[in-house]
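Derivation of every value follows stated rules applied to the coordinates shown; laboratory data play no part. Because the structure is predicted, anything quoted here is derived from the model rather than measured. Neighbour counts run over all protein chains shown; Cβ positions are idealised from the backbone, glycine included.
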Amino acid sequence: MMEKGITRREMLRWMALGAAGAIITACRRQVLGGGSTSGTPAEPLTKGGSQGPSHAPPFKYDSPVAITPVDQFYEVKYSSLVPQVDGATWNLLVTGEVEHPFSLTLNDIRAMPMVEEMRTLECISNPAGGDLISNAVWRGVRLAEVLQRAGLKPTVKEIVIRSADDYHTSIPLELALNEHSLLAYWMNGGDLPINHGYPLRALWPGRYGMKQPKWITQLEAISGHHTGFWEAQGWSDDAIIKPNSRIDAPTVADSLKAGEAVVISGVAYSTDVGIARVEVTTDDGEHWAEAGLTRGPSPLTWTEWRYRWESPTAGRHVIRARVTDKAGATQSAGGFDLLGGTFPDGTAAMPVVIVNVK
Ligand SMILES: Nc1nc2c(c(=O)[nH]1)N[C@H]1C(S)=C(S)[C@@H](COP(=O)(O)O)O[C@H]1N2
Ligand SMILES: [Mo]
């Protein structure tokens, strides 16, 4: 349903965005490939003490909402290379406007007070109803604790994060000191897998994945403003997650019969304020009904929603879902746009599934 053509302005924008398009290409390939190391050299996963997820027993965790298995967790990276970091010699450097610059080994970090949290991660390029969103259980340490050991100078405004693949971004000091800003070294029962950032990755609340580097090597406290890798190409600097949802059932492939109830269900997510409600329409927006919600342990995880469509009538039905978060932000109609309308700051467009009831 192309509601408008591509304007000249959009075309120019598209041409400027060659690199950002690569995010989607790279990710799609990996999703279709299924394996977490597809297309990369088969380096031994035991290197540096990392436990390859393929040898680990399935992760069991008592959770009200779905946890994505490691080999199905979406993957995005800007380059075709996966840094193979040796955890035995790796160091985290803490530098910049601090009283005591220092470095930590992986064992130093593992010896610090451990925090375990379930957290959902989503890419800013995730289109309405897309698959660039996953949920896992992570262990790590608070970024604030590491920064406090270094002693931040009063001039500090941002923390720059640099990675083994030369990726870099920055976050404001306030976010760095948030108790839910974690440096994670463990995911779903084992060491952080190589493709998800071994040995250390960021998890900040309320922000899209581009702000959350993998393969971290350095934290630098600065008094100015840093422009990160994707930010320099026009993507959002704060990258705050917009209300978004996905319809998992029914699918266009399901054969639905008039008068037979259908369960419409999916997941919903937004920034750290949390979700207020999810509504569902089966008549393209003329009527809306509230879905039942199953929440995760915090607003930092996705919410599952479910609505029972009691008595569908024969014919074509346009099903949409609409999330509203506790700050009042809600999903919009959306239309056709380049990169699924995700450039430059993510999309809040509603997902749609069109079914034919017989
Ligand atoms: N070092 C590094 N970190 C990175 C990236 C990257 O290219 N390099 N991509 C970011 C993007 S755009 C996203 S969406 C998330 C994806 O994390 P995942 O692959 O573990 O799902 O990683 C982020 N961290
Ligand atoms: Mo991303």
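Listing for the model above:
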| read-out | value |
| --- | --- |
| Normalised contact order of the range 99-251, rounded percent, pairs of Cα under 8 Å and 6 or more residues apart | 25 percent |
| Spin-label model distance (nm) - Thr89 vs Ala261, 7 Å beyond Cα toward Cβ | 6.3 nm |
| Local electrostatic count at Ala276 - Lys and Arg +1, Asp and Glu -1, tallied over other residues with Cβ under 13 Å | +1 |
| Calculated FRET efficiency for the pair Ala314/Ala111, C-beta based, R₀ 51 Å, to 0.05 | 0.20 |
| Label point at Ala289 placed 7 Å out along Cα→Cβ; residues across the range 311-335 whose backbone nitrogen lies under 19 Å | 311-324 |
| Leu81 paired with His100, simple spin-label distance in nm, labels 7 Å along Cα-to-beta-carbon | 3.5 nm |
| At most 11 other Cβ within 10 Å, DSSP loop - chymotrypsin sites (Phe, Trp or Tyr not before Pro), the range 257-341 | none |
